[in-house]
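Novice: Let me give you the structure first, and then I'll get to my questions.
The values are calculated or read from the model by the stated rules, or taken from the named source; none is laboratory data. Remember, predicted model here, so these are calculated numbers, not experimental data. Virtual Cβ from ideal backbone geometry, glycine too; neighbours counted across all protein chains shown.
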Amino acid sequence: MTQGWYANMEGERLVWMAQHMPNDLMVELGTAWGLSASYVLAGTDARLVCVDTWPDASVLGDFSQMLAEEDWVARVRVIQRTSEEAARGWDEPIGLLHIDASHEYEDVLADYRSWSPHVAEGGWVAFHDSQTEGVGRVLREEVWPDPRWTERQLVHSQWSARNG
């Protein structure tokens, strides 16, 4: 079993959102060992872009090994950078944006502002650990007041919504 901190019900919600994306592309900010990514890869045919700094090379090694063992390498693009660096020049519509990197307010805010404009109409955004101070503050100040986010749902600690 892949390591990580993700409740089964949260993984099932990610799979459901991925099955209902307007395209086949999910971007995950903060992948670590790939537990949340593995739910989507096992439950859909989606393509994933996984963005993480992976400061511990052994964690990236474990993630890469899992992708190889499950034969998912062709469906995953690994970007070992900060999410802000990876967002520069991004121009592809995103069907599901999963924000689960640093939970510090400034980092979550930067993730949201850098990537959410790329969520396609009918696409989804999901925030893991919504009860933490940084994530919760971004939700309260930036996300909840934004009328483009509909079909809002909280599953365990994962908050999600649809664009439009």
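Let's see how each residue does on (1) in contact with a His (Cβ under 8 Å, 6 or more places away or on another chain); (2) under 18 Å from V40 (Cα atoms):
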{"site": "P55", "(1), (2)": "no, no"}
{"site": "D71", "(1), (2)": "no, yes"}
{"site": "D100", "(1), (2)": "yes, yes"}
{"site": "H103", "(1), (2)": "no, no"}
{"site": "R113", "(1), (2)": "no, no"}
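Novice: Report whether or not Q65 is surrounded by fewer than 18 Cβ atoms within 10 Å (Cβ to Cβ), at pLDDT below 95 and not aromatic (F, W, Y).
Specialist: In short, no.
Novice: Restricting to segment 127-164, name every residue that is under 19 Å from A110 (Cβ atoms) and among the hydroxyl-bearing types (S, T, Y).
Specialist: Across segment 127-164, the qualifying residues are S130, T132.
Novice: So which residues in segment 133-150 are part of a strand (DSSP E or B) and surrounded by fewer than 13 Cβ atoms within 10 Å (Cβ to Cβ)?
Specialist: T150
Novice: Identify, by number, the condition in (1) within 24 Å of G164 (Cα to Cα); (2) surrounded by fewer than 16 Cβ atoms within 10 Å (Cβ to Cβ); (3) polar (S, T, N, Q); (4) without any contact (Cβ under 8 Å) to a residue 60 or more places away in the chain that T44 doesn't meet.
Specialist: (2) is the only condition that T44 fails.
Novice: Does any residue in segment 62-89 that is touching a residue at least 24 places away in the same chain (Cβ under 8 Å) come within less than 8 Å, Cβ to Cβ, of a residue that is exposed (fewer than 15 other Cβ atoms within 10 Å of the Cβ) and outside any loop (DSSP other than H, G, I, E, B) six or more places away or on a different chain, and which pairs are these?
Specialist: These pairs meet every condition: L67/V73; E70/A42.
Novice: Mind listing whichever residues of segment 43-84 are among the β-branched types (V, I, T) and not in a strand (DSSP E or B)?
Specialist: Across segment 43-84, the qualifying residues are T44, T53, V59, V73, T82.
Novice: Considering only segment 85-96, I want to know if a residue exists there that is at pLDDT 95 or above, assigned to a helix (DSSP H, G or I) and surrounded by 23 or more Cβ atoms within 10 Å (Cβ to Cβ).
Specialist: Scanning segment 85-96, I find no residue that is at pLDDT 95 or above, assigned to a helix (DSSP H, G or I) and surrounded by 23 or more Cβ atoms within 10 Å (Cβ to Cβ), so the answer is no.
Novice: Just name the residue that is farthest from Q80 (Cα to Cα) out of those in segment 14-39 that are assigned to a helix (DSSP H, G or I) and in contact (Cβ under 8 Å) with a residue 40 or more places away in the chain.
Specialist: Going through the qualifying residues, I end up with M17.
Novice: Further, regarding this structure: Can you find, within segment 101-128, the residue that is nearest to R88 (Cα to Cα) among those that are of a type in the set (D, E, K, R) and surrounded by fewer than 19 Cβ atoms within 10 Å (Cβ to Cβ)?
Specialist: So, considering only residues that are of a type in the set (D, E, K, R) and surrounded by fewer than 19 Cβ atoms within 10 Å (Cβ to Cβ), the one nearest to R88 (Cα to Cα) is R113.
Novice: Hey, another quick one. So which of A161, A126, A120 is under 16 Å from the mean Cα position of the chain (by Cα) and closer than 13 Å to D100 by Cβ?
Specialist: Working: A161 fails: closer than 13 Å to D100 by Cβ; A120 fails: closer than 13 Å to D100 by Cβ.
A126 is the lone residue from the list that is under 16 Å from the mean Cα position of the chain (by Cα) and closer than 13 Å to D100 by Cβ.
Novice: Taking into account only those residues within segment 99-117 that are within 26 Å of D24 (Cβ to Cβ) and part of a loop (DSSP other than H, G, I, E, B), which is farthest from the chain's Cα centre (by Cα)?
Specialist: Applying the filter and picking the extreme gives A101.
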